[in-house]
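Notes follow the structure.
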Amino acid sequence: MTTDSIFLIGLMGAGKTTVGRHLARRRRAHFLDLDHELEARTGVRVPMIFEIEGEAGFRERETRLLAEVSTQRNMVVATGGGVVLKPENREILKHAGIVVYLNVLPKVLYERTRRDTNRPLLQVADPMKKLEELYEQRDPLYREVADLVIDARSGAVSQLVAQVEKELKRCGN
Ligand code: S3P
């Protein structure tokens, strides 16, 4: 069994945490969600980090944690949707393991996230428009770092996990 780490990337609501948890169990790997880890370390939720330190402060914490996690082996890491924004993070991801992009279109993401209050970037008048803008801006960045692009718009979690596993196998993992 390979010990290469897997990094799940994609927009908010793409299913990184859910898929990551299942995948980690199946691969007997350690699961880590970057946002949850930041929350555990700071003792506050993500919106509070944004409020106190601004998005820039949050991004610095995110980069430091990503760099730390990237040195570990046999991990499945669910990243935050904005992790690809910094070139520095993209470089880390490219060398840290296998990067899997869960690609989901904005309309579906909107349905999945519309009742969520823990995502500061979506607490705006028109979250659908925001998701469309984020998709346009970030889809190329996700693709730049991804080893695998998975169409994750529908299907049960188990199906999605099986699909990721199949694709991983196909590229020797
Ligand atoms: C963000 C996504 C969030 C979290 C923060 C910023 C983003 O993570 O890191 O609210 O910029 O897309 P999820 O993708 O897990 O929701």
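Where a number appears in this text, it was derived from the coordinates with a stated rule and is not lab data. From a predicted model like this one, the values you see are computed outputs, not experimental measurements. So basically every Cβ, Gly included, is an ideal-geometry build from the backbone, and we count neighbours across all protein chains shown.
Brief remarks on what is shown
- Simple rule: put +1 on each Lys or Arg Cβ and -1 on each Asp or Glu Cβ in segment 1-129, find the dipole, and look at Gly13, Thr63, Ile52; the Cα lying farthest toward the positive end is Gly13.
- FRET efficiency, Lys94 to Glu133 (Cβ-Cβ, R0 35 Å, nearest 0.05): 0.90
- With at most 10 other Cβ atoms within 10 Å, longest stretch of the chain clear of loop trypsin sites (Lys or Arg not before Pro) (DSSP): 29-114
- Residue among Leu85, Ala162, Gly172 farthest towards the positive dipole end of segment 77-173, charges placed on Cβ: Ala162
- Amide H contacts under 5 Å for Val99, placed H, 5+ residues apart: Phe7, Asp147, Leu148
- All Cα pairs of the chain, percent lying beyond 20 Å: 50
- Mean-position separation - Cα centroids, segment 124-144 and segment 6-81, in angstrom: 19
- Using R0 = 25 Å, the C-beta based FRET efficiency linking Arg114 and Glu167 works out to 0.30.
- A cut-off under 11 angstrom between Cβ atoms defines the neighbours of Asp4, and their net charge, with Lys, Arg +1 and Asp, Glu -1, is +1.
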